[in-house]
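What follows is calculated from the coordinates using simple rules that are stated; it is not laboratory data. Bear in mind that the values here come from a model prediction, so they are computed numbers and not experimental data. Here Cβ is always computed from backbone atoms with ideal geometry, including for glycine, and neighbour counts include all displayed protein chains.
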């Protein structure tokens, strides 16, 4: 079954459902941004900015080193913060990290924990709303990319994707761009498998 494209203002359910980028009119729920309805009827927005949630896995880069800890660029208006007491390794300016969000304050400050420093690599931006498509069901898409591009990949909920220098960069960047453009289409994993196989 093909995914149905949903336009802003279009009804997505006859009942009230709690989902980002929706509003109610009577008992029905409507979309506020363009998105898709998947096979189960779940609405997936394709144009929403990232909103940090406790427990999210995020990728970032250290942009400030202070005595109390480290500020990390997370693709947000404000950076995230890693307290020095919560990390065993010393980080340096420009280090890439993957961590979990521990706390989000009312004013949008983000505290990070479970920090892991990533090796040398590259960070690329990907629309946060489309991150589930880049990861795939049970991580099927990201596993396919790793297998064919030859290196590790870490996808953050915040739309930053870290890719190892061991990857075939031109192939991987092209694949990520294709997933971005075709995120709303069905059969995308199979299409990517064919593309990657023919490009190797």
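Report the normalised scattering of region 57-118 as log10 I(q)/I(0) at q = 0.14, 0.24 Å⁻¹, calculated by the Debye formula with identical scatterers on the alpha carbons.
Cα-only, vacuum Debye calculation for region 57-118: -0.31, -0.96.
Just want to confirm a number: the relative contact order over the chain, from Cα pairs under 8 angstrom separated by 6+ residues, in percent.
17
Please compute the modelled spin-label separation between residue 18 and residue 57, points set 7 Å along Cα→Cβ, answer in nm with one decimal.
About 2.5 nm separates the two model spin labels.
Over the alpha carbons of region 1-79, what is the largest minus smallest coordinate on each principal axis, giving the biggest first in Å?
54, 29, 20
How far apart, in nm, are two points set 7 Å out from the Cα along the Cα-to-Cβ line at residue 125 and at residue 104?
In this crude label model, residue 125 to residue 104 measures out at 2.0 nm.
Arranged by the count of other C-beta atoms within 10 angstrom, fewest first, what order do 118, 57 take?
With the sparsest Cβ surroundings first, the list reads 57, 118.
Quote the relative contact order of region 121-199 in percent (integer), defining contacts as alpha-carbon pairs under 8 Å separated by 6+ residues.
34
Can you give the relative contact order of region 57-118 as a percent, counting alpha carbon pairs under 8 Å and 6+ residues apart?
Relative CO of region 57-118 lands at 33 percent.
At a temperature of 37 °C and a viscosity of 0.692 mPa s, determine how fast region 48-200 diffuses translationally according to Stokes-Einstein, using the Kirkwood radius over alpha-carbon pairs as Rh; express D in µm²/s, rounded to the nearest whole number.
After rounding, the answer is 204 µm²/s.
Evaluate E = 1/(1 + (r/R0)^6) for residue 152 and residue 68, where r is the Cβ-Cβ distance and R0 equals 35 Å; express this FRET efficiency to the nearest 0.05.
Result of the calculation: an efficiency of 0.70.
If we count other beta carbons within 10 Å of each Cβ, what is the order of 67, 184, fewest first?
67, 184
Quick one: what Rg and Dmax do you get for region 147-200 from the alpha carbons, in Å?
Over region 147-200's Cα set, Rg and Dmax evaluate to 11.3, 31 Å.
Quick one: of the DSSP bridges fully inside region 57-118, what percent are antiparallel, nearest 5?
90
Sort 172, 103 by Cβ crowding within 10 Å, fewest neighbours at the top.
Ranking 172, 103 by Cβ neighbours within 10 Å, fewest first, gives 103, 172.
Would you please give the FRET efficiency between residue 165 and residue 92, computed as 1/(1 + (r/R0)^6) with r the Cβ-Cβ distance and R0 = 25 Å, to the nearest 0.05?
0.90
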